[in-house]
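Right, one structure below, let's go through it.
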Amino acid sequence: SLTIGLLGMAFKAEIDDVRASLSYKFKKLLNGQARAVLTTDPFVTTDPDLMPFDEVVSKSDLLILCTPHAAYSDADLKGKPVVDVWGQLDGANIIR
C-alpha cells in the first residue's frame, strides 16, 4: 500500500478557494485504498491537515498533481513518480 501525496487542494490554480474542489473528493476516495494520503497547497490556509510541500514530497511514494499551481512547475519533486493529468510538468517520472 502506497503513501500518496496530493499536490494542490484548491478548486483551481492560483486561488485559495476549496469550495467544490475535486481534490477533496479524490482524497476521500484514496483514503480507503492508500496507506496514507498527504496533502499540500501553497494557497489554501483553511485546512489544518495540509502539510508543507517538502514534507509531502519526501514522505510520499507517489505524487498526484491535483491543482496545477504555477509553483509546482519547477518544484523539486525528488525524482518521485508523479501523475500529471494537466500536462504541466516535465521529467522522466511523469505519468500521463
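The values are calculated or read from the model by the stated rules, or taken from the named source; none is laboratory data. These numbers come from a predicted model, not from an experiment. Backbone-built Cβ (ideal geometry, glycine too); neighbour counts: all protein chains shown. Surface areas here come from the heavy atoms of the whole protein model, side chains and all, with no ligands, DNA or RNA. Shrake-Rupley method; radii C 1.70, N 1.55, O 1.52, S 1.80 Å.
So here's what we get for this one:
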read-out	value
Given (1) at pLDDT 95 or above; (2) closer than 20 Å to ALA10 by Cα, index of the condition GLY87 fails	(1)
Test: ALA71 is surrounded by 12 or more Cβ atoms within 10 Å (Cβ to Cβ), closer than 22 Å to ASP90 by Cα and touching a His at 6+ places or on another chain (Cβ under 8 Å)	no
Subset of the range 15-66 that is open to solvent by 60 Å² or more (accessible area, probe 1.4 Å) and of a type in the set (Val, Ile, Thr) - its residue that is farthest from ASP90 (Cα to Cα)	THR46
Considering residues of the range 54-73 that are assigned to a loop (DSSP other than H, G, I, E, B) and out of contact with any Phe, Trp or Tyr (no Cβ under 6 Å at 6 or more places or on another chain) only, the residue modelled with the lowest pLDDT	SER73
Residue match in the range 32-53 (condition: out of contact with any Gly (no Cβ under 8 Å at 6 or more places or on another chain), assigned to a helix (DSSP H, G or I), under 11 Å from LEU7 (Cα atoms) and not small (Gly, Ala, Ser))	yes
Filter result (outside any loop (DSSP other than H, G, I, E, B), over 18 Å from LYS27 (Cβ atoms) and open to solvent by less than 70 Å² (accessible area, probe 1.4 Å)) within the range 74-96	ILE94
